[in-house]
1. With N residues in the stretch 1-102, what two-decimal value do you get for its Cα radius of gyration over 2.2 N^0.38 Å?
2. Can you tell me, using C-alpha contacts under 8 Å and at least 6 residues apart, the relative contact order of the stretch 107-211 as a whole percent?
3. Once you order the gyration tensor axes a ≥ b ≥ c over the Cα atoms, which shape class does the stretch 275-408 get: rounded for a/c under 1.5, otherwise prolate or oblate by comparing a/b with b/c?
4. Share of antiparallel DSSP beta bridges in the chain, in percent to the nearest 5?
5. Helix 94-105 against the longest principal axis of the chain: what's the angle in degrees, Cα atoms only, rounded to the nearest 10?
6. Could you work out the Rg to Rh ratio of the chain, with Rh taken as the Kirkwood radius (inverse of the mean 1/r over all Cα pairs)?
7. Once fully extended, how much extra length lies between residue 229 and residue 209, figured as 0.36 nm per residue of separation less the alpha-carbon to alpha-carbon distance?
8. When the scattering of the stretch 38-91 is computed by the Debye formula from its Cα atoms alone, each counted once and equally, what is log10 I(q)/I(0) at q = 0.16, 0.27, 0.31 Å⁻¹?
């Protein structure tokens, strides 16, 4: 049997096996190695081909017999092929992958001032792509460099494209961004090499500002496709790469339902789960499980603040996962800190329904407050959280079908 691997130090977040399976290679597995195990595996491992990720893209080089011009240029290897004579060839397909990601997102670098965050191996790829694309200026920002995160705004606030090559904002430490994009008034493009979460805080801010942007999924798929060609000799065209990106993004994305209490989130969410094969998650049910008591009991015994604190914990936990239908409580939007955890890996759908059709039984706040007053407060919050708005004005099956038609 032919064996193919991704080697690295911490790989639990990797999507590579799923992507290579879509490329037609089911014999691709993750292999975590300690630093002192890398050399032995590279020289004597049972593989035909393997990919290499951080922190070993430079570590593997002394154990290889030859490098391609791309690997030599970047000083890093992400693809190793065992040739017919047994010798090992190191290549780098990240350059192709990143170029593809920028192109597919419509982000042009020619004539632009490009700010590159980070000075590691990923940064070298971005620098090479930017310079080869005739960027007007390429500036590297690092924690201890001449240009750093303290002076970058004053020195380079006129940047037009920003590329994040750092792990800041990557799962599991999501929700933070290396820079504040509002400080760059001329920004017309933002790229993040991170693909988990799908929408980093860096990219979420770019979207809110209306700036064209891309995450690292297109790069990941494109570099994997190039690696697959090296391993198997089977060419992969652009259309196939695009198809895999769309398919993988759709399969791994969450669909998050928000809206007033009683608007049908749980009913329609369960139908969506059946239609898509995704796991159904009800945050209210998880809150009850975590608290060990019903929601009315939480409100009566502990108060709304305690309920909201538990709700935020649950939202953070479920929002970090992939491939789910998430039904939320009606008041989840009353806490701004819930917005990013819900949007990081999915599309947020505001499910609307006429107030007169909303039931109040078993809903503490709906009973304690007039629905019209509650809605007046929450309406702008739902609107701010939502990626799309779908009226619940038909059968649950029809509404679920409409949601899928709009977002997929």
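Only the coordinates and a few stated rules stand behind these numbers; no lab work does. Because the structure is predicted, anything quoted here is derived from the model rather than measured. Methodologically, a virtual Cβ is constructed for each residue, glycine included, from the backbone with ideal geometry; neighbour enumeration extends over all protein chains shown.
1. On the way: Rg = 13.0 Å, N = 102, 2.2 N^0.38 = 12.8 Å.
The reported ratio for this selection is 1.02.
2. Working: 198 pairs, mean separation 28.1, N = 105.
Contact order relative to length: 27 percent.
3. Working: a/c = 1.63, a/b = 1.21, b/c = 1.35.
Cα axes put the stretch 275-408 in the oblate bin.
4. Working: 7 of 49 bridges.
The antiparallel fraction comes to roughly 15 percent.
5. Computed tilt is about 40 degrees.
6. Values: Rg = 23.8 Å, Rh = 23.2 Å.
Result for the chain is an Rg/Rh of 1.02.
7. Working: separation 20, 0.36 × 20 = 7.20 nm, distance 3.80 nm.
Net length gain for the segment: 3.4 nm.
8. -0.38, -1.11, -1.44
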